[in-house]
Structures are given as C-alpha cells and as structure tokens.
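The values are calculated or read from the model by the stated rules, or taken from the named source; none is laboratory data. Since the model is a prediction, treat every value here as computed from it, not as a measurement. Note that each Cβ is placed from the backbone with ideal geometry, even for glycine, and that neighbours are counted across all protein chains shown. Surface accessibility is based on the protein's heavy atoms, side chains included, excluding ligands, DNA and RNA. Shrake-Rupley method; radii C 1.70, N 1.55, O 1.52, S 1.80 Å.
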Amino acid sequence: MELTKDKNHYTFNLSDMVTRQKVSYQNKFGILIAADLYIPKDFDSSKKYATIIVGPPYGGVKEQGAGIYAQNMAERGFIALAFDPSFKGFSGGEPRNASSPDIFVEDFSAAVDFMGTRDFINRNKIGVIGMCGSGGFSLSAAASDRRIKAVATVSMYDIARAEANGWKDSMTEEQRNKRLDDIGEQRWKDFGKTPALNPKGAPEKFDENTNPISREFAEYYSTPRGYHPNSLTQHTVASSSSMMNFPILTHLKSISPRPILLIIGETAHSRYFSEDIYKMAAEPKELYIVPNAGHVDLYDKVELIPFDKLETFFKENLK
C-alpha cells in the first residue's frame, strides 16, 4: 500500500504558499502535545496575526484532514495550528489511544496557551476549527475558554452524547447498564496490562456488505486516501465510561455572543448532531449545509470543503 503522498507521511502535499514548522508544548496535565504550525510565505514578523487552531477527527492526527484545513487557512493569511490530541500521534500520554472528555477539551485550551504566547499572534484574534469528534470538544472548550473568539465545526460529532445515548439516542437504560458492566469487567482484565481497544471504529477491510457508516470511515482511514500509521480510530474500552458519564456541551449557550459556524454535508450520517447544536446554541450561530457532501467528504475533498466560507467567517469575527 502506498501510505501517503509524501515521505513524511502526510496525506496531502505541502502548498508552495506556506511553510510548515513542527512545534510542541505541554497541556495543563503535563502531556506533551505535538503540532504543526502553518505560516503564510509572506509572513511579516513585525505584524500580529489572527490564528486558527484545528483539531482532527476522533482518532485522526495532524498529518491528515486537520493539516489540510490548517494549510488552507494559512494560504488565506492566518497563522494556523494542527495538533495531535493527547494519547495520539506524536503527542504524549499513556496509555496510548485512551480518550478523555476533559483532556481532549483541554488540548484546545493548551493550543490557545501556546499560540497566545507567540510574539506574532494577536491574542484577541484566536479561532478554532473542530473536525468530527473535535467539533464537540472545540465547542466545549469555547464554552469555558473565553479566549476563543470564534468557533467553527466540520462534520461535528458529540462523542460524549454518542457514547452515553447510542446512535441517534437509541440506547436503552438496560443496554447502557450492560455496557457499563462490560467496561467494568474489562478494567479488571486490563489491570497491570496494556488496555484493550474497543473494536468499534474504521475497519481495516471492507466490501459492499460492510455497514455503510463503517465503510465510509474505512474508505478514508484504511486506504491510501487517508491512511496514516499514527491514526487509530479505536480507543481503549475503559475510555468509554468517562465519555458516557461527562456530557461536554452543558454550557453551550455561554459561548454567546461569540459566533458559532456549524458546517455539515447534506447527506452526512452525522447531520443530526449539528442540527441539534444549532437549535440549542444561542445567537450568533449559523448552520451551513454543503450540497452533495457526506460526513467524511469534508475531511479532505477540497473541492467540496467551503474554505471561502470559513475565511469569511473568521475574518469577520476575528477583528
């Protein structure tokens, strides 16, 4: 398999309009975060720039879709940062492939810490883009971190809601209790060992009989289109109980009067998350539907991704 499009395992080619720098910094839990900084080629060190922080999909890394978004925003004059979440990619954190609602939200605030202490960044012009699972985490971060002045989500998933309530809130109380019992049993099995991974995620192999949602993810993560050796969409079994127990969007309305832009594909299986958030959020808010696009299409299909809309949104709201 041809893994990626360049020798550094990025799934896209570097634009000749930007430079890319590897950076690292710690979050408040002391976990080292690995990130890529995208800077316009006409960068002027005497100026202070607006910045966009991009979080990848749940299980993704900065060398995939998040890097595509960061690069395109840098082409439009922003300084942009794409990061690996804690426990993933080149970032630190043990055990590997764990997930945490608190820590994944903190990863956005840690990026704000880092960018806001750069001499070339205007602290009053910090925006975030959250893709898929990072969409929910970015909204949660904005609710508690008022340094974030504007937030956009793309193909947004509320992972905590999905884990707690099941697909389209279909989980019964009996099913929930059974799942929690299974997680508890797995924790005993994991004790003192490498934690087991939840098999739920993008399958490595798929065909026409594969569940349509699983196949959509597999066509990205398990093919040369989006495959990256650091990207694993399976997380530890024990992680799920935290997601089930701690809702992340309780204070969604407190983002107001800072603006929210929710971008979702017309045919996306995840569309209900963004539509429900739009109903719940306070103004200013906008739901932007991309015609003829599914959920994963907006990870990397640049001909469908509304970068002009994102540019306008952030330039109007990071003044």
Exercise. Dipole of the chain, Cα-centred, from +1 at each Lys and Arg C-beta and -1 at each Asp and Glu C-beta, to the nearest 20 debye?
Worked result: 880 debye
Exercise. With the other protein chains left in place, how much accessible area per residue, in square angstrom, belongs to the chain at a 1.4 angstrom probe?
Worked result: 45 Å²
Exercise. Of the accessible area of region 23-69, with the probe set at 1.4 angstrom, what percent is carbon plus sulfur?
Worked result: 50 percent
Exercise. For LEU14 and THR210, what is the calculated FRET efficiency with R₀ set at 30 Å and r taken between the beta-carbons, to the nearest 0.05?
Worked result: 0.35
Seminar exercise, completed: Each label sits 7 Å from Cα toward the beta-carbon; between PHE307 and LYS168 the label points are separated, in nm, by 3.5 nm
For this session: Could you please state, rounded to a whole Å, how far the C-alpha centre of region 59-128 is from the C-alpha centre of region 203-256?
Result: 18 Å
Seminar exercise, completed: For ARG161 the rounded accessible area (nearest 10 Å², probe 1.4 Å, non-protein molecules ignored) is 50 Å²
Seminar exercise, completed: DSSP beta bridges in the chain: the antiparallel percent, rounded to 5, is 35 percent
Exercise. Of the heavy-atom accessible surface of region 72-139 (probe 1.4 angstrom), what whole percent is carbon and sulfur?
Worked result: 45 percent
Seminar exercise, completed: Sorted by accessible surface (1.4 Å probe, heavy atoms of the protein chains only), largest first, TRP188, TRP167 come out as TRP188, TRP167
Seminar exercise, completed: In terms of the alpha carbon gyration tensor, root eigenvalues a ≥ b ≥ c, rounded if a/c is under 1.5 and otherwise prolate when a/b exceeds b/c or oblate, the chain is rounded
Seminar exercise, completed: Dividing the helical contributions, -39500 (n - 2.57) per DSSP H run of n ≥ 4, by the residues of the chain yields a 222 nm value, nearest 500 deg cm²/dmol, of -10000 deg cm²/dmol
Problem set entry | Computed over region 168-220, Kirkwood Rh from alpha-carbon pairs, angstrom | 13.6 Å
Exercise. If you take the beta carbon distance between ASN177 and LYS22 as r and set R0 to 41 Å, what does 1/(1 + (r/R0)^6) give as a FRET efficiency, to the nearest 0.05?
Worked result: 0.35
Seminar exercise, completed: So, relative contact order of region 163-319 in percent, Cα under 8 Å, 6 or more apart, is 18 percent
Seminar exercise, completed: A 1.4 Å probe over the protein heavy atoms gives region 200-319 a carbon and sulfur accessible-area percentage of 51 percent
Exercise. Label point 7 Å out from ALA196 along Cα-to-Cβ: which residues of region 227-257 have amide N under 19 Å?
Worked result: 233-244
Exercise. What percent does the relative contact order of the chain come to when contacts are Cα pairs within less than 8 Å and at least six residues apart?
Worked result: 19 percent
Problem set entry | Relative packing of peptides 276-284, 80-88, 228-236, 202-210 - highest average C-beta neighbours within 10 Å first | 80-88, 228-236, 276-284, 202-210
For this session: Before anything else, pin down the relative contact order of region 1-152: Cα pairs under 8 Å, at least 6 apart, normalised by residue count, whole percent.
Result: 24 percent
